[in-house]
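What follows is one structure encoded as structure tokens, with my remarks underneath.
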Amino acid sequence: MTGSTIIFYLLAALTLVSGVLSVTTRHIFRAAIYLLFTLIGIAGIYFWMQYEFIAAVQIVVYAGGIAVLIIFSIFLTQQAGEKLPKQKMERKIFSALAVFCGFALTMVQVLQHEFPVSVAPVTSPSVNDIGRQMLNVEESGFALPFEVISMLLLAAMVGCIVIAMREKRENLNTEQKNIKRIPNDT
Amino acid sequence: MNAGKYIRDIWNGFTSLLKGMKRTGYYFTHHKEIITQQYPDNRNDLKLPERFKGEVVMPHNEKNEHRCTGCQACELACPNGSIKVIFKNELTPEGKKKKAIDKLVYHLELCTMCNLCVEACPSDAIKMAQTFEHSVFDRNKLTKILNKPESKIMDGVE
Amino acid sequence: MWSFSDIANNIHNWLSNQFNTTWTMIFEMLIAGVCVIGLFALLGLVLVIMERKVSAWMQIRLGPNRVGPKGMFQSLADTVKLMVKEGMTPWGADKTLFNLAPFIAMIVAMLLLAPIAFASNFQLWDINIGVLYVSAVSSLSVISILMAGWASNNKYSLLGAMRSGAQIVSYELSAGLSILAIIVLTGDLRFSTIIASQADGWWIFKGHIPVIIAFITFIIAVTAETNRAPFDMAEAESELTAGFHTEYSGMKFALFFLAEYVNVFIVCAIGATLFLGGPMPLHIGLWEGFNHAMDYIPSSVWFFGKTFFLIFLIMWFRWTFPRLRIDQLLRLEWKYLLPISMINLLLITAMAILKWHF
């Protein structure tokens, strides 16, 4: 057992333990924090595999972005510090079953799949190459997914703006109605 | 919001922030502007500002005379009742009775050093002193009588 | 002439002569860890006394002047006081998260120290995505604040945490964009490449006005990201007593306090590396003699000099400007800094393509 394997098992243990804790804890905020640790553990495994770019993106997007978003929505909606109600037995059984099925499916796939050793030349993960690959329109390029995702983000942004604007107009209307109503009442 | 105003806002913001930084930068580099006094160390040669107000006193001249006529203007002017004038009747050389102060009681523990009594005094009998080490073990010691015993009103002060 | 990189190489050679590869690595990691912790302690002491003295002189005061010559050992005395103080955990707090939060803050600060070059060729980890790594890991620092604020079970703490969350998430954008400006000019994320690209002149001089605008945006954004006045909404003594660390005391408070100062040091070090050439000496065009004289100053002195200059600048902001309100803070980011830095990035991209920079 080399040092590298020990580090891998430590990271895997962190990921798995905090993953299990995040579904078993009854404090919703703790669940979010444990989820964050899971995501950081996965980022650590990427670092271990020397995919630094993916690891950094994992931290930026999941740990720094989505986890913070989740924590914020907890702050804004939940009663802080209160325990969630206990789940019913049938729910527990069914979710355990679902987890088991998913696990079995993944394991079957992993065990059946023969992982071929890649013969493609090793590309250096420099920023230049990543940028070129991202906008490559030829085969094995990522131009299409890149553009599709940017369209999705644009649509989401436009949607946000539309939602925010409509709310504002309604507020204005009600305010105007209020202003009109006051002289009539008096 | 038009573009001109936007750019002007940024410019104004920057210049005003830089003005503030220039001031603090000046103080940072000019240590002689420091006004902090190292109090217990320089107790002997303490320099207090001219308008520092420590307590109300009544100056007496060398013949033990003060300028207070007992007009009660200070007592009326005081917002929290820290001055009380107590009278006595005095005989003038001509044999007439004259009202004069017996005691001018000053409650330092109530005083806020607002200076209104000094401004109200028509005959400049009281003024603000610069002493400030007022701590005592007994609260009663803060009730002071401003006129000295056996003191009289100065001649010519009505 | 000996330098930091020579010392590091000598230690490495000596260790690899004595032990095999694994043990060499373990010992080097231990030495690096001890050095980082030592640097943290030293930075805490120096920056705290520096802040108190700077603030005092800017407010026409004397500042600490009792412990040691001119009060220079004041922060040592403070450290002793914080260490012997009782670290309380409130009754209603979520104990695990409450006690975990300061350590997360500290770990994030430690992780950020890894890719910083303290002298030429002296770096713990020259990771190939250096700048991205820094901006990724620094986005984790908000987690510790949110954890502390929520776990304290206190309204002030929660409000402070919410504010700082909104603040850090939004100011990360303009900080990232202003860092991107330098990456566009350099074409690489690696810190050593960025430093090497400034051998003939710092980017702030080579890049004309757009880089200066990027620098100003960067300084404003990192001031906000480290939660320092005028953007100290998370603490805001006069409104929220102490914000997210209201309930903390003793060593746990000290960790938050230290993490704040270490974060300030780190963002200033990154600013100095990106815009002011890091350990590179000041060179002016064709003045051979001047350039030669500048080369004699060790690179670590250059690095720490620039970093402390930026730290002083941030302290200067703190003790000059009044605190912003939360809506003013968000308006400054979304209506001013973000559009400006976007247009600025466009300009810099055009400049980099047309090779207008020196």
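The values are calculated or read from the model by the stated rules, or taken from the named source; none is laboratory data. Only a predicted model underlies this, so the values are computations on that prediction, with no experimental measurement involved. Don't worry about glycine lacking a Cβ; one is built from the backbone with ideal geometry, like all the others, and counts go over all protein chains shown. Surface areas here come from the heavy atoms of the whole protein model, side chains and all, with no ligands, DNA or RNA. Shrake-Rupley method; radii C 1.70, N 1.55, O 1.52, S 1.80 Å.
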* Structure fact -> One finds the C-alpha centres of the stretch C:123-198 and the stretch C:203-233 to be spaced, in Å, by 13 Å
* Asked: Per residue in the stretch A:58-76, which ones lose no less than 50 Å² of accessible surface when going from chain alone to all protein chains (1.4 Å probe)?
  -> A:Ile59, A:Val68, A:Phe72, A:Phe75
* Structure fact -> Counting only backbone N atoms under 14 Å from a point 7 Å out along Cα-to-Cβ of B:Lys127, the residues of the stretch B:19-60 in range are B:50-60
* Can you grab the distance from the C-alpha centre of the stretch C:28-67 to the C-alpha centre of the stretch B:16-65, Å, no decimals? => 31 Å
* For the stretch C:274-358: Kirkwood Rh in Å [reciprocal of mean 1/r, alpha carbons] -> 16.5 Å
* Quick one: grab Rg to one decimal and Dmax as a whole number for the stretch C:217-289, Cα atoms only, in Å. => 17.5, 58
* Asked: Taking every pair of alpha-carbon atoms in the stretch C:1-84, what share in percent sits in each 10 Å bin, from 0 to the bin with the longest distance?
  -> 15, 30, 20, 21, 12, 2
* Asked: When chain C is modelled as a GNM with alpha-carbon springs shorter than 10 Å, which of C:Ala293, C:Ala41, C:Ala199 fluctuates the most?
  -> C:Ala293
* With respect to the cross-link table entries B:Lys53/C:Lys53; A:Lys86/C:Lys252; B:Lys141/C:Lys70; B:Lys19/C:Lys206; A:Lys83/C:Lys252; B:Lys63/B:Lys141, which display a Cα-Cα separation exceeding 32 Å? -> A:Lys86/C:Lys252; B:Lys141/C:Lys70
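Find the relative contact order for the stretch C:1-84 and round it to a whole percent, using C-alpha pairs within less than 8 Å whose residues are 6+ positions apart.
15 percent
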* **Largest to smallest principal axis extent of the C-alpha atoms in the stretch C:79-127, angstrom** => 50, 26, 7
* Accessible heavy-atom area order of C:Lys53, A:Lys88, C:Lys70, B:Lys84, highest first, probe of 1.4 Å -> C:Lys70, A:Lys88, B:Lys84, C:Lys53
* **Calculated FRET value between C:Lys155 and A:Glu138, using beta carbons and R₀ = 60 Å, to 0.05** => 0.55
* What whole-number value in Å² describes the accessible area per residue of the stretch C:1-84 for a 1.4 Å probe? -> 64 Å²
* Structure fact -> Shape call for the stretch C:38-148, from the Cα gyration tensor axes a ≥ b ≥ c (a/c under 1.5 means rounded, otherwise prolate when a/b beats b/c, else oblate), comes out oblate
* State, in square angstrom and to the nearest 100, the accessible area buried between chains B and C, both chains counted, probe radius 1.4 Å. => 1800 Å²
* Asked: Counting only protein heavy atoms and using a 1.4 Å probe, what share of the accessible area of chain C belongs to carbon plus sulfur, as a whole percent?
  -> 72 percent
* Asked: What translational diffusion coefficient, in µm²/s and rounded to a whole number, does the Stokes-Einstein relation yield for the stretch A:13-159 at 37 °C and a viscosity of 0.692 mPa s, taking the hydrodynamic radius as the Kirkwood radius over Cα pairs?
  -> 173 µm²/s
* Per residue accessible area in Å² of the stretch B:55-153, where ligands, DNA and RNA are left out and the probe is 1.4 Å -> 64 Å²
* **Interface C:A - total buried accessible surface [probe 1.4 Å, Å², rounded to 100]** => 2300 Å²
* **More than 18 angstrom apart: percent of Cα pairs within the stretch C:171-292** => 60 percent
* Asked: When the Cα atoms of the protein assembly as shown are enclosed in a convex hull and the volume is divided per residue, what value in Å³ results?
  -> 322 Å³
* Structure fact -> Both in Å, the radius of gyration and Dmax of the C-alpha trace of the stretch B:41-143 are 15.8, 57
* From the Cα gyration tensor of the stretch A:1-79, with a ≥ b ≥ c the square roots of its eigenvalues, which class applies: rounded if a/c is under 1.5, or else prolate if a/b is larger than b/c, or else oblate? -> oblate
* Asked: Tell me, what % of the accessible area of the stretch A:1-83 is carbon and sulfur with a 1.4 angstrom probe?
  -> 70 percent
* Asked: In Å², what does the accessible area per residue of the stretch C:138-191 work out to with a 1.4 Å probe?
  -> 27 Å²
* Asked: Could you work out the helix-only [θ] at 222 nm for chain B, with each DSSP H run of four or more residues adding -39,500 (n - 2.57) and the total divided by the number of residues, to the nearest 500 deg cm²/dmol?
  -> -7500 deg cm²/dmol
* B:Asn89-B:Leu46 FRET efficiency (beta carbon distance; Förster radius 56 Å; 0.05 resolution) -> 0.80
* Structure fact -> Unpartnered Cys in chain B, judged by a 4.7 Å Cβ-Cβ cut-off, are B:Cys68, B:Cys71, B:Cys78, B:Cys111, B:Cys114, B:Cys121
* To do: Provide, in order from the shortest bin, the percent of all Cα-Cα pairs of the stretch C:143-217 in each 10 Å bin, continuing until the bin that contains the maximum pair distance.
  => 18, 33, 19, 20, 10, 0
* Asked: If one takes the longest principal axis of the Cα atoms in chain B, at what angle in degrees, from 0 to 90 and to the nearest 10, does the Cα axis of helix B:3-29 lie?
  -> 50 degrees
* Asked: What residue among C:Gly289, C:Gly305, C:Gly278 shows peak mean-square fluctuation when chain C is described by a Gaussian network model with Cα springs under 10 Å?
  -> C:Gly289
* Asked: Rounded to the nearest 0.05, what FRET efficiency is calculated for A:Phe115 and B:Trp11 with R0 set to 51 Å and r the Cβ-Cβ distance?
  -> 0.25
* Could you tell me whether chain C comes out rounded, prolate or oblate from its Cα gyration tensor? Rule is a ≥ b ≥ c as square roots of the eigenvalues, rounded for a/c under 1.5, then prolate if a/b exceeds b/c, otherwise oblate. => oblate
* Asked: What is the mean projected area of the alpha carbon convex hull for the stretch C:189-239, to one decimal in square nanometres?
  -> 4.8 nm²
* To do: List the DSSP H helices in chain C whose Cα atoms stretch 20 Å or more along the helix axis and whose mean Kyte-Doolittle hydropathy is at least 1.6.
  => C:21-58, C:95-113, C:208-225, C:250-275, C:338-354
* **Net dipole in debye of the stretch C:1-84 [+1 Lys, Arg Cβ; -1 Asp, Glu Cβ; about Cα centre; nearest 20]** => 600 debye
